[in-house]
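Input: a single structure, listed below in structure tokens.
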Amino acid sequence: MKQADLFNIKGHVAIVTGAASGLGLAYAEVMAENGATVVMADLNPATLEEHVARLKAAGCKVEGAVVDVSDTDALRDAIDGAAKRHGRLDYLFANAGISAGPGTLLTPDGAIDKFDVKAYQRAIDINQTATLMAIRFAVPHMKRQKSGSIVITASIAGIQAEPICGYGYVASKAAVINIARQAAVELAPFNIRVNSIAPGPFLTNIGDGRLKKQPEVVKLFADMVPLGRVANTNEIKGLALLLASPAGSYITGTVIPIDGGATCVSTRGNYSAAIQHDGSNL
Ligand SMILES: NC(=O)c1ccc[n+]([C@@H]2O[C@H](COP(=O)([O-])OP(=O)(O)OC[C@H]3O[C@@H](n4cnc5c(N)ncnc54)[C@H](O)[C@@H]3O)[C@@H](O)[C@H]2O)c1
């Protein structure tokens, strides 16, 4: 098969949640720039409108859907609406996600005996339950056409301990990886593939843009990555296109780290020296 056929997604329809920023915006861009129609769902109307207008002006077939993914009825309407308007649904990028606050490496308040149950629950609602519900609402459309590819944005924090991240984050990301595996087994007979991407540190607006605002946090992340830097959101596009397209036709039920090598070393940076539980070294 030629390269053009391997990665051909022309005429297909995608929905991306959390599409107004960061990794979701990168997924939406790579799908749209390669000929798919993309419904960009996000709760931030202003940023969403700005990116939808920019991509439309560049000739892409995109539309915005303002939705809070933790509002189950609104999520169902957005996914059903996308499938009905465009007659099919080929790709779901269940990507919308939030930080659960910093972990113990960044603040003493991130310690397990201090953590805030409200921040924990909000991360579970958005990162975990809304991801499961997005799959639940996309699947009937994909079953009908006997094809589809679902991509979950998990995290390397769902694979291993990440003391930079709060407990709600690591719990929800571990959960969605196994939800994706179970869905992959259940949906394989329908030719629907389900995979998780596990990013390492990418420069986005997550956690109120802490990564962009605080160079010392960027350095902490860069130090835990063998490639020695945080990633640019464009660097997720190739993997997203692979998982959606015919090139990924035999990939299902897996979790793929994209992390500059962070998960392949057992001790990264200098965690045990870095963690001072009174926060005095930060
Ligand atoms: N940036 C990283 O280093 C990193 C690493 C691993 C995993 N991730 C995951 O990537 C995904 C995207 O995060 P990002 O880093 O691009 O962050 P981001 O903040 O730049 O983008 C997230 C987008 O999701 C939207 N969003 C948040 N809550 C929503 C809700 N309830 N309903 C609808 N939209 C909502 C936001 O408005 C924003 O546009 C998340 O699931 C995150 O956990 C990010």
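The values are calculated or read from the model by the stated rules, or taken from the named source; none is laboratory data. Bear in mind that the values here come from a model prediction, so they are computed numbers and not experimental data. Every residue, glycine among them, receives a Cβ derived from its backbone with ideal geometry; neighbour counts consider all protein chains shown.
Note on segment 88-116: among residues that are in a loop (DSSP other than H, G, I, E, B) and small (Gly, Ala, Ser), the one that is nearest to the ligand (Cβ to nearest atom) is GLY97. Selection over segment 117-139 of residues that are more than 25 Å from ILE150 (Cα to Cα) and either without any contact (Cβ under 8 Å) to a residue 40 or more places away in the chain or within 13 Å of the ligand (Cβ to nearest atom) (or both) gives a count of 2.
When restricted to residues that are assigned to a helix (DSSP H, G or I) and surrounded by 19 or more Cβ atoms within 10 Å (Cβ to Cβ), segment 1-30 contains 9. For segment 46-61, state whether one or more residues are crowded, with 21+ Cβ neighbours inside 10 Å and closer than 18 Å to ASP125 by Cα. The answer is no; no qualifying residue exists. Among the residues of segment 228-250, those identified as within 14 Å of the ligand (Cβ to nearest atom) and surrounded by fewer than 17 Cβ atoms within 10 Å (Cβ to Cβ) are ARG229, ASN232, ASN234, GLU235.
To keep it simple, each residue is scored yes or no on (1) out of contact with any Ser or Thr (no Cβ under 6 Å at 6 or more places or on another chain); (2) modelled with pLDDT of 95 or more.
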| position | (1), (2) |
| --- | --- |
| GLU63 | yes, yes |
| VAL66 | yes, yes |
| ASP71 | yes, yes |
| ALA74 | yes, yes |
| ASP77 | yes, yes |
| GLY81 | yes, yes |
| ALA94 | no, yes |
| PRO102 | yes, no |
| LEU106 | yes, no |
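Among the residues of segment 118-134, is there at least one that is surrounded by fewer than 21 Cβ atoms within 10 Å (Cβ to Cβ), closer than 24 Å to ARG210 by Cα and among the small types (Gly, Ala, Ser)? Scanning segment 118-134 turns up at least one residue that is surrounded by fewer than 21 Cβ atoms within 10 Å (Cβ to Cβ), closer than 24 Å to ARG210 by Cα and among the small types (Gly, Ala, Ser). For GLY35, the test of being over 24 Å from ILE135 (Cβ atoms) and more than 20 Å from the chain's Cα centre (by Cα) is passed. Of all residues in segment 195-210, none are in contact (Cβ under 8 Å) with a residue 40 or more places away in the chain, over 22 Å from ILE126 (Cβ atoms) and either of a type outside the set (Val, Ile, Thr) or more than 16 Å from the ligand (Cβ to nearest atom) (or both). Surrounded by 22 or more Cβ atoms within 10 Å (Cβ to Cβ), part of a helix (DSSP H, G or I) and hydrophobic (A, V, I, L, M, F, W, C): does that describe VAL139? No, not satisfied. Residues of segment 61-87 that are out of contact with any Gly (no Cβ under 9 Å at 6 or more places or on another chain), more than 13 Å from the ligand (Cβ to nearest atom) and part of a loop (DSSP other than H, G, I, E, B): GLY87 alone. Residues that are aliphatic (A, V, I, L, M), near the ligand (Cβ under 9 Å from one of its atoms) and touching a helix residue (DSSP H, G or I) at 6+ places or on another chain (Cβ under 8 Å) within segment 19-60 comprise ALA19, ALA20, LEU23, LEU25, ALA26, ALA41, listed in sequence order.
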